[in-house]
Amino acid sequence: MTTVSTQALLFDMDGVLINSIPAVERVWSRWATGRGLNVHEVLRHAHGRPSIATLRDLLPDADHEAENRIIEQAEIDDVDGIVPLPGVKELLAALPPDRWAIVTSCTRPLAEVRIRAAGLPTPGLFITANEITQGKPNAEPYLKGAAGLGFAPEQCIVVEDALAGIASGKNAGARVIAFTTTASIDDLIAAKPDWILKDCSAIRLDSSKPDLQLALEEVAVSAS
């Protein structure tokens with residue numbers, strides 16, 4: 001176990017706290033098929049980023065706001081199979097409420113629906129796509145998350161699974177834990193997070209006063 005100290009944890013949501021990948025893939029696959037786009041390419045663009053940013057990349061000449069409303073409503077309507085990932089309920093229950101936040105690329109309505117579907121507590125601070133102007137990998141989401149809890153980003157640890165999110169945390173100046181729930185180990189290594197873990201079950205809170213003292217069970221990575 002690796003022991004680390006921090007003031008606060010800033011969690012991404014999808015792929016970190018909840019498993020929404022089946023729902024996300026169902027919605028985006030249907031959308032891609034309906035527009036004659038390559039499903040694999042669409043899914044590669046969509047994960048970990050605000051949906052409107054993905055739409056701007058994929059359909060530069062479309063009505064992005066209209067397309068985004070279609071995607072958002074489809075995702076709100078599809079909560080089948082959305083569950084908390086291993087260790088999440090235990091870790092969130094152990095953390096002081098003012099020492100953690102969720103920073104997600106989802107819109108607020110969608111994020112709230114998914115948190116309720118997974119049976120997780122609503123955080124005191126919830127940074128969503130509605131609160132930012134520049135999404136991940138830009139630093140803005142995690143800068144706002146840290147500031148909202150009253151800490152400098154250097155005092156926080158970001159917990160992510162998506163490459164865009166890892167970059168966002170690093171760009172903000174935070175240390176980053178990356179989970180293996182979405183990206184390949186090779187891609188995670190290339191993204192250069194500070195630690196690579198399996199999921200929240202690999203994080204143990206040993207103390208919360210005055211700092212959060214965490215024990216991390218890192219994934220064994222072969223040197224190449």
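The values are calculated or read from the model by the stated rules, or taken from the named source; none is laboratory data. Computed from a predicted model, the values in this text were never measured in an experiment. Cβ atoms come from the backbone with ideal geometry, glycine included; neighbour counts cover every protein chain shown. Ligands, DNA and RNA are excluded from the accessible area calculation, which covers all protein heavy atoms including side chains. Shrake-Rupley method; radii C 1.70, N 1.55, O 1.52, S 1.80 Å.
The table for this structure:
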{"item": "Cα gyration tensor of the range 104-172 - equivalent ellipsoid semi-axes, whole Å, descending", "result": "20, 13, 11"}
{"item": "Pair Asn38, Asp61: separation of 7 Å Cα→Cβ label points (nm)", "result": "2.0"}
{"item": "The chain, relative contact order in percent, only Cα pairs under 8 angstrom and at least six apart counted", "result": "27"}
{"item": "Highest average packing first - 107-116, 168-177, Cβ atoms within 10 Å", "result": "168-177, 107-116"}
{"item": "Sites Asp98 and Ala152, calculated FRET efficiency, Cβ-Cβ separation with R0 22 Å, nearest 0.05", "result": "0.90"}
{"item": "Accessible solvent surface per residue of the chain, calculated while the other protein chains remain in place, 1.4 angstrom probe, Å²", "result": "45"}
{"item": "Anisotropy class of the range 74-125 from Cα gyration tensor, a/c 1.5 cut", "result": "oblate"}
{"item": "Whole-Hz couplings from phi, Karplus 6.51/-1.76/1.60, listed for the range 88-96; x for Gly and Pro", "result": "5, 4, 5, 5, 5, 5, 7, 7, x"}
{"item": "Cα gyration tensor shape of the range 1-125, rounded if a/c is under 1.5, else prolate or oblate by comparing a/b with b/c", "result": "prolate"}
{"item": "Dipole of the range 23-167, positive end: most advanced residue of Leu163, Gly150, Pro97 [Cβ charges, Cα centre]", "result": "Pro97"}
{"item": "DSSP bridge pairs, the chain: antiparallel proportion in percent, nearest 5", "result": "40"}
{"item": "Degrees between helix 108-118 axis and first principal axis of the chain (Cα, 0 to 90, nearest 10)", "result": "60"}
{"item": "Stokes-Einstein translational diffusion, the range 15-76 - Kirkwood Rh over all Cα pairs, 1.567 mPa s, 4 °C, in µm²/s", "result": "110"}
{"item": "Spatially proximal lysines relative to Lys170 (Cα-Cα < 21 Å; intrachain offsets below 8 disregarded)", "result": "Lys136, Lys144, Lys192, Lys198"}
{"item": "The range 109-200: relative contact order as a whole-number percent, Cα under 8 Å and 6+ apart", "result": "20"}
{"item": "Per-q log10 I(q)/I(0), the range 155-224, q = 0.24 Å⁻¹ (Debye; single scatterer per alpha-carbon; no solvent)", "result": "-1.07"}
{"item": "Inter-centroid distance (Cα atoms) of the range 144-168 relative to the range 188-224, Å", "result": "15"}
{"item": "Given charges at beta-carbon only (K, R positive; D, E negative), |dipole| of the chain in Debye", "result": "260"}
{"item": "Size of electric dipole in the range 41-157: Cβ of Lys, Arg +1 and of Asp, Glu -1, about Cα centre, debye, nearest 20", "result": "460"}
{"item": "Fully extended contour minus Cα-Cα distance, from Ser5 to Arg30, at 0.36 nm per residue", "result": "4.6 nm"}
